[in-house]
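Student: The structure's right below; bear with me while I get my questions together.
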Amino acid sequence: MKRLILLGGGHAHVHVLEALAGRALPGCEVVLVSPHARQIYSGMLPGWIAGHYPIEACALDLARLAADAGVRFVQAAGEGLDAAGRALACNDGTQLDYDLLSIDTGSRTCFEAIAGAAEHALPVRPIECFVGAIEALLSRCREARDNPVTIIGGGVAAVELAFAIHHRLAGEGVSPVLSVIGDAGLPLDGLARRLQWKCLQMLSERGIQWHAGSRVAALDGTHAVLSDGTRIPAGYALLVTGASAPLWPAGSGLALDPEGFVRVAPTLQSVSHPGVFAAGDVAAYADQRPKSGVFAVRAGPVLADNLRRAVQGEPLAEWRPQRRALYLVATGGRYALGAWGPLGWWGGWVWRWKDHIDRSFMRRFGNSHVG
Ligand SMILES: Cc1cc2nc3c(=O)[nH]c(=O)nc-3n(C[C@H](O)[C@H](O)[C@H](O)COP(=O)(O)OP(=O)(O)OC[C@H]3O[C@@H](n4cnc5c(N)ncnc54)[C@H](O)[C@@H]3O)c2cc1C
C-alpha cells in the first residue's frame with residue numbers, strides 16, 4: 001500500500017479532497033496533516049471583521065472533507081521533513097513515512113525584520129491566531145487616540161483589513177484612529193492605477209491615514225520607526241507585510257528559491273524530489289506568479305490530477321497559470337474595488353459579485369452556514 005501525505009489544508013488541497021471524494025485512489029492511503037480541523041478562507045476574513053459573515057461561514061470543515069474523501073486526518077503541523085528519507089515529523093511527535101508528499105501550507109507573515117514587532121504587533125498569519133486575537137485588536141483600536149493602530153503593508157489584504165476594521169468600529173459609533181504604512185507610493189501596488197487613486201481617496205474619506213513609501217524598521221509601542229529614522233505615531237500594529245516562506249522547509253533538502261519557497265516544475269513536482277509536490281503560496285512556480293489565493297485555487301485541479309497520475313505511474317500534466325488574476329477588494333461596507341490587469345472599476349455591484357464568488361466557493365466545499 002502506498003502512502004500520499006497532503007500537508008496543509010490550503011486552497012489547492014481542498015480541490016484534491018474533493019477529487020478524492022469523487023474517485024478514490026485504490027492501493028493508496030491518503031493522510032491529511034493540518035494543525036486545525038478547519039480552514040479559514042482568507043477572502044472572507046475582512047467581511048467577517050466588517051460584520052457581514054459569522055466566522056462559521058468563512059471556514060471549511062477539513063476534518064469532514066477528509067472523512068468524505070476517505071482520507072485519514074492527523075491534526076498536527078509538519079515541522080521537519082527529510083526529503084531524501086521520505087519522512088515527515090509533526091509537532092505532536094507523529095512520524096509519517098510517505099511515497100508521495102503534497103505541500104499546501106501557505107506562507108507566513110515575517111515579523112523578524114521589524115525590531116519590536118513580537119511585542120507590539122499582531123501578524124495576520126497564522127490566520128487562526130489572528131482570528132483569536134481580533135477582539136483584543138479591536139479594543140486597542142477603540143481606545144487608541146494619539147498613538148493609532150497602524151496596519152503595516154499596502155497590498156490587497158492590508159487595505160481590506162483597514163477598511164473592515166474601520167467599518168466595524170464606525171458601526172459601533174466609534175471614530176477609529178487608523179493608519180496604513182506601505183512601502184509603495186500608492187496603496188494596492190501593482191493593481192490598476194485608477195484603482196489605486198480611488199483606494200487612496202476612500203482611505204482619506206474615512207480618515208485612515210496613508211503613509212507612502214515607508215519601510216518600517218522598528219516598533220517601540222508608541223511609534224513606528226522608519227528605516228530613514230522618521231517616527232510615525234503607532235501604539236500597536238497589524239502586520240500584513242506579504243507572503244514570506246515558512247521556516248521548516250529550510251532543512252529538508254528540497255530545492256528552494258532564494259526566499260525559501262519550494263521550487264516546482266510546471267507539473268507542480270519539486271525540481272529536486274519527484275515524490276514531492278507543492279502548490280499555493282508555499283510553491284515557487286516555474287512561471288512566477290503573485291502569492292495569491294487565485295493561483296492556489298487554480299493549481300488545485302491540476303495538482304489533484306497529477307497526484308493521481310503519480311500514484312498510478314502515469315505521465316504528469318503541466319500547469320500553465322493564467323497571466324492575470326481578478327482582484328476584488330472589499331472596502332468595509334457592501335462596496336468593493338475590482339481590477340483586471342490595467343482595468344479598474346468599483347461599486348456596490350462589485351461587492352455583490354465578490355460575495356457571490358466567495359459564497360459559491362464555500363458552498364462548493366460543503367459550507368452550510370454561508371447561506
Ligand atoms: C486578509 C487576507 C485577505 C486576502 N484576500 C485575498 C483575495 O481576496 N484574493 C486572493 O487571491 N488572495 C487573497 N489573500 C491571499 C490568500 O490568502 C493566499 O494567497 C492564500 O491563502 C494562499 O493559499 P494557500 O493554499 O497557499 O495557503 P493557505 O490558504 O494559507 O492554507 C495553508 C494551510 O496550511 C496549514 N498549515 C500551515 N503550516 C502548516 C504545517 N507546517 N503543517 C501542516 N499544515 C500547515 C494552515 O493552517 C492552512 O490551513 C488574502 C490574504 C489575507 C491575509
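Rule-based calculations on the coordinates, nothing more; no lab input. What you see is a predicted model, and the numbers here were worked out from it, not measured in a lab. Here the Cβ is made from the backbone with ideal geometry for all residues, glycine too, and neighbour counts use every protein chain on show.
Student: Under the classification rounded if a/c is under 1.5, otherwise prolate if a/b is larger than b/c and oblate if not, where does region 14-70 fall, given a ≥ b ≥ c as square roots of the Cα gyration tensor eigenvalues? Walk me through the intermediate numbers first.
Tutor: Working: a/c = 3.60, a/b = 2.75, b/c = 1.31.
Since a/c reaches 1.5 and a/b is larger than b/c, the shape of region 14-70 is classed as prolate.
Student: Can you give the direction-averaged projected area of the convex hull of the alpha-carbon atoms in region 231-371, in nm²? Walk me through the numbers before you get to the answer.
Tutor: Details: hull surface 51.4 nm².
Mean projected area of the Cα convex hull: 12.8 nm².
Student: Now a separate question. Computed FRET efficiency, Cβ-Cβ of Glu143 and Arg72, R0 56 Å: what is it to the nearest 0.05? Write out the running numbers ahead of the final one.
Tutor: On the way: r = 46 Å, r/R0 = 0.83.
According to the calculation, E is roughly 0.75.
Student: With only alpha-carbon atoms counted, please give the Rg and Dmax of region 198-253, in Å.
Tutor: Every Cα atom of region 198-253 included, Rg and Dmax give 15.7, 50 Å.
Student: Roughly what angle does helix 193-205 make with the longest principal axis of the chain, taking Cα atoms, 0 to 90 degrees, to the nearest 10?
Tutor: 50
Student: Here is a follow-up. May I ask for log10 I(q)/I(0) of region 1-104 at q = 0.10, 0.23 Å⁻¹, from a Debye sum over the Cα atoms as equal point scatterers with solvent left out?
Tutor: Once normalised to I(0) and log-transformed, intensities are -0.30, -1.19.
Student: Compute the Rg/Rh shape ratio of region 102-207: radius of gyration over Kirkwood radius, all on alpha-carbon atoms. Please report the intermediate quantities before stating the final value.
Tutor: Values: Rg = 14.6 Å, Rh = 15.0 Å.
Taking Rh as the inverse mean 1/r over Cα pairs, Rg/Rh reads 0.97.
Student: A further question follows. Go ahead and estimate [θ] at 222 nm for the chain from helices alone: -39,500 (n - 2.57) per DSSP H run with n ≥ 4, summed, over the residue count, rounded to 500. The partial results should precede the final answer.
Tutor: Numbers: 9 runs with 112 residues, N = 371.
Taken over the chain, the calculation gives -9500 deg cm²/dmol.
Student: How high is the relative contact order of the chain, in percent, counting Cα pairs under 8 Å that sit 6 or more residues apart?
Tutor: Values: 803 pairs, mean separation 74.0, N = 371.
With pairs under 8 Å counted, the relative contact order is 20 percent.
Student: In a Gaussian network model over the chain where Cα atoms closer than 10 Å are linked, find which of His273, His15, His356 has the largest mean-square fluctuation.
Tutor: So, out of His273, His15, His356, the one fluctuating most is His356.
Student: Cα to Cα, under 21 Å, and not fewer than 8 places away if on the same chain: which lysines meet these conditions relative to Lys198?
Tutor: Candidates past the 8-residue exclusion: Lys354.
Student: To continue, here is another question. Along each of its three principal axes, how wide is the spread of alpha-carbon positions in region 85-147, in whole angstrom units, largest first?
Tutor: Taking the Cα atoms of region 85-147, the three principal extents are 57, 24, 20 Å.
Student: With an 8 Å Cα cut-off and a minimum separation of 6 or more residues, compute the relative contact order for region 128-259 in percent.
Tutor: RCO, region 128-259: 27 percent.
Student: With contacts defined as alpha carbon pairs under 8 Å and 6 or more residues apart, what's the relative contact order of region 35-106 in percent?
Tutor: Numbers: 70 pairs, mean separation 15.5, N = 72.
Computed over region 35-106, the figure is 22 percent.
Student: So, one more: Going by a ≥ b ≥ c, the root eigenvalues of the Cα gyration tensor, does region 314-371 fall in the rounded group (a/c under 1.5), the prolate group (a/b larger than b/c) or the oblate group?
Tutor: On the way: a/c = 4.51, a/b = 1.28, b/c = 3.52.
It comes out oblate by the Cα gyration axes.
Student: Treat each spin label as a single point 7 Å out from the Cα along the C-beta direction, and report the Glu56 to Trp197 distance in nm.
Tutor: Result: 4.6 nm between the two label points.
Student: Using 0.36 nm times the number of residues separating Arg309 and Ser272, minus their current alpha carbon distance, what extension gain do you get? Let's see the in-between values first.
Tutor: Working: separation 37, 0.36 × 37 = 13.32 nm, distance 1.87 nm.
Gain on extension, Arg309 to Ser272, equals 11.4 nm.
Student: For the chain, what is the convex hull (Cα atoms) projected area averaged across all directions, in square nanometres? Each step should come with its number before you reach the end.
Tutor: Numbers: hull surface 71.0 nm².
Mean projected area for the chain: 17.7 nm², to one decimal.
Student: Find how much the distance from Ala84 to Arg324 grows on full extension, using 0.36 nm per residue of separation minus their present alpha carbon separation; answer in nm with one decimal. Could the numbers behind the result be given before it?
Tutor: On the way: separation 240, 0.36 × 240 = 86.40 nm, distance 3.58 nm.
Full extension from Ala84 to Arg324 adds 82.8 nm.
Student: Something else: So how tilted is helix 348-364 from the main axis of the chain? Cα-based, degrees 0 to 90, rounded to 10.
Tutor: The answer is roughly 30 degrees.
Student: Let me ask something else about it. Quote to one decimal, in nm, the extra length available between Val131 and Arg231 on full extension: 0.36 nm per residue of separation minus the C-alpha distance between them. Walk me through the intermediate numbers first.
Tutor: Working: separation 100, 0.36 × 100 = 36.00 nm, distance 2.91 nm.
Value of the extension gain: 33.1 nm.
Student: Still on this structure, I have one more. Report, in degrees rounded to the nearest 10, the 0 to 90 angle that the Cα long axis of helix 156-171 makes with the longest principal axis of the chain.
Tutor: For helix 156-171, the angle is close to 50 degrees.
Student: Next question, about the same structure. Kindly identify region 206-308 as rounded, prolate or oblate by the Cα gyration tensor criterion: order the square roots of the eigenvalues as a ≥ b ≥ c, call it rounded if a/c is under 1.5, otherwise compare a/b with b/c, prolate if a/b is larger, else oblate.
Tutor: Numbers: a/c = 3.53, a/b = 2.29, b/c = 1.54.
Prolate, because a/c is 1.5 or more and a/b exceeds b/c.
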